[in-house]
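A.B. asks: If you scroll down you'll find the structure; I have some questions about it.
Every number in this text was worked out from the coordinates using simple rules, so none of it is lab data. This is a predicted model, so every value here is computed, not measured. Note that each Cβ is placed from the backbone with ideal geometry, even for glycine, and that neighbours are counted across all protein chains shown.
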Amino acid sequence: MSTPLLEIKNLHVRVEDNEILKGVNLTLNRGEVHAIMGRNGSGKSTLSYVLAGKDDYEVTEGEILFNGEDLLAMEPDERAAAGVFLAFQYPIEIPGVSTMTFLKAAINGQRKARGEAELTTPEFMKAVKDAAGLLEIKQDMLKRPLNVGFSGGEKKRAEILQMALLQPQLCILDETDSGLDIDALKVVSEGVNKLRSADRSMLVITHYQRLLNYIVPDLVHVFSAGRVVETGDKSLALELEAKGYADFDETNAA
């Protein structure tokens with residue numbers, strides 16, 4: 001039996017004097033898509049930041065294994081080179097840096113960290129063209145400064161393009177449906193689904209079941225007060241949509 005891609009064991013995390021995660025346990029196997037749902041403040045985004053290595057989040061107990069190795073011992077750039085990718089809820093704008101310049105720097109930075117040869121300009125251009133074609137992204141969007149003047153849907157599609165080019169093993173999508181209308185949601189979800197594979201796993205963090213109509217998960221985990229209080233198949237998301245989170249808060253308190 002192969003080693004799970006991601007193993008989170010009894011994870012406790014504090015920010016300043018506030019304990020946010022209070023014993024999270026979660027295992028993600030290769031090729032699986034798991035959804036994490038919960039109300040605001042339940043710890044969903046905190047988990048994504050800890051996985052990516054964001055500063056100011058103190059792990060006080062527990063461990064995270066990625067491909068059997070200690071993820072918490074890695075710096076953020078090492079995690080990225082190892083295959084961890086976080087798509088932000090609100091991608092930042094970077095005036096003065098073209099999207100193409102950013103993409104090339106990101107790809108070659110990771111390749112260099114892994115001891116691989118950097119892509120030549122022709123190789124890079126072909127990779128971008130192929131990925132943009134797969135995701136139906138127009139070339140004029142790539143000529144603009146990164147995320148500057150982009151609509152919400154364009155920002156999310158730009159991040160999906162980064163995923164396609166970087167080829168991570170673990171994709172963490174932090175409320176990728178935030179700020180999207182239904183048409184943009186369909187387009188972004190279709191892009192994510194095109195990147196699903198037996199070698200790539202995804203954690204999809206969301207408040208709402210509607211995203212999971214398009215990105216159908218293998219398992220759904222409900223967060224409440226810093227813990228996973230329920231795990232089930234995609235029907236669990238429908239139950240949450242119908243009943244809300246109150247019943248699961250009671251489960252957590254019991």
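A.B. asks: Tell me, what HN-Hα J-couplings in whole Hz come from the Karplus equation 6.51 cos²θ - 1.76 cosθ + 1.60 at θ = phi - 60° for each residue of the range 235-245, using x for Gly and Pro?
C.D. replies: Ordered by residue, 3J(HN,Hα) equals 5, 5, 5, 5, 5, 4, 4, 7, 10, x, 9 Hz.
A.B. asks: Same structure, new question: Can you spot the lysines whose alpha carbon is less than 16 Å from residue 186's alpha carbon? Ignore those fewer than 8 places along the same chain.
C.D. replies: Within the straight-line cut-off, residue 186 pairs with 155, 156, 194.
A.B. asks: Sticking with this structure for a sec: Over the chain, what is the percentage of antiparallel beta bridges among all DSSP beta bridges, to the nearest 5?
C.D. replies: 60
A.B. asks: Binning every alpha carbon pair distance of the chain at 10 Å from zero, what are the percents per bin?
C.D. replies: Whole-percent P(r) values from 0 Å outward: 7, 30, 36, 21, 5, 0.
A.B. asks: Check which residues have an amide H placed less than 5 Å from residue 97's amide H, if you skip close sequence neighbours.
C.D. replies: 146
A.B. asks: Let me ask something else. Using θ = phi - 60° and the Karplus form 6.51 cos²θ - 1.76 cosθ + 1.60, what ³J(HN,Hα) does each residue of the range 110-116 get, whole Hz, x for Gly and Pro?
C.D. replies: Values, residue by residue: 5, 4, 4, 5, 8, x, 9 Hz.
A.B. asks: Here is a follow-up. Report the Cα centroid-to-centroid distance between the range 203-254 and the range 106-148 in angstrom, as an integer.
C.D. replies: Cα centroid of the range 203-254 versus Cα centroid of the range 106-148: 35 Å apart.
A.B. asks: Using only DSSP helix segments of four residues or longer, with each worth -39500 (n - 2.57), what per-residue ellipticity at 222 nm results for the chain after dividing by its residue count and rounding to 500?
C.D. replies: Helix contribution divided over all residues of the chain: -11000 deg cm²/dmol.
A.B. asks: I need the peptides 178-185, 53-60 ranked by packing, meaning the mean over residues of other C-beta atoms within 10 angstrom, with the highest value on top.
C.D. replies: 178-185, 53-60
A.B. asks: Then there's this: Could you order the peptides 112-125, 162-175, 67-80 from most to least packed, using the average number of other C-beta atoms within 10 Å per residue?
C.D. replies: Highest to lowest by the protection proxy: 162-175, 67-80, 112-125.
A.B. asks: Compute the signed sum of charges (Lys and Arg +1, Asp and Glu -1) over the other residues within less than 14 Å, Cβ to Cβ, of residue 218.
C.D. replies: Taking every Cβ under 14 Å from that of residue 218, the sum is +2.
A.B. asks: Oh, and also: Once you keep just the Cα pairs under 8 angstrom separated by 6 or more residues, what percentage relative contact order results for the range 6-253?
C.D. replies: In percent, rounded to a whole number, it is 29.
A.B. asks: Go through the range 56-70 residue by residue and turn each phi into a ³J(HN,Hα) via Karplus (6.51, -1.76, 1.60, θ = phi - 60°); whole Hz please, and just put x for glycine and proline.
C.D. replies: 3J(HN,Hα) across the range 56-70, in whole Hz: 6, 10, 9, 7, 9, 6, x, 8, 10, 10, 10, 6, x, 10, 6.
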